[in-house]
Amino acid sequence: MKLELKATPEEVMRAVEALQECGEAGGISSKVLFGLTLALEECASNIVNHGLLRDPEKTFHVSFDMKDTGITIELRDSGPEFDPTQKPADEPEPADDAPPGGWGIFLVRRYTDEMSYAREDSENVLRLIKHLISPPPAKHL
């Protein structure tokens, strides 16, 4: 499934709803699907708010590739180059005086198995992968 979306919060939610429907049709458990939709919402919101500045004339693309072994979510946008995989993986320190935010990348990493970034043809390309079948256990010699 491929979607072309305008850079608005409403379109982010349209992508989330499409993932929900696709995941339910593919038999993904509600627990796994919750994490995936949260990861998608976080990444798409960052694209809309920070990369494309909520300009409804700009668009971004989201696609879902479901296989028996897993799902790949790909987000593409033409905003400024930004590689979220370079951000710290640690859980943000809670503090009463800390500004809100800072949890997005942590949550994306928590609910996906792989996250990769590339800059292709002036586009940010972020891929999130969730394995649905665990790999076989390693053999001990």
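Quick note: the coordinates plus some simple rules give every number you see, no bench work behind them. Every value quoted in this text rests on a predicted model; they were computed, and no experiment measured them.
Using a Cα-Cα cut-off of under 20 Å, which lysines could be cross-linked to LYS6, ignoring same-chain neighbours fewer than 8 residues away?
LYS58
Could you give the length gained by full extension between ALA118 and VAL32, i.e. 0.36 nm per residue of separation minus their alpha carbon distance, to one decimal place? Mind showing how you got there, number by number?
Details: separation 86, 0.36 × 86 = 30.96 nm, distance 2.53 nm.
Going from the current span to full extension adds 28.4 nm.
If the cut-off is 16 Å between C-alpha atoms, which lysines fall inside it for LYS67, apart from same-chain ones fewer than 8 positions away?
List returned: LYS2, LYS130.
Between rounded, prolate and oblate, where does the range 1-95 land on the alpha carbon gyration tensor, with a ≥ b ≥ c its root eigenvalues, rounded for a/c under 1.5, else prolate if a/b exceeds b/c? Don't jump to the answer; show the numbers that get you there.
Working: a/c = 1.83, a/b = 1.19, b/c = 1.54.
Note, shape of the range 1-95 comes out oblate.
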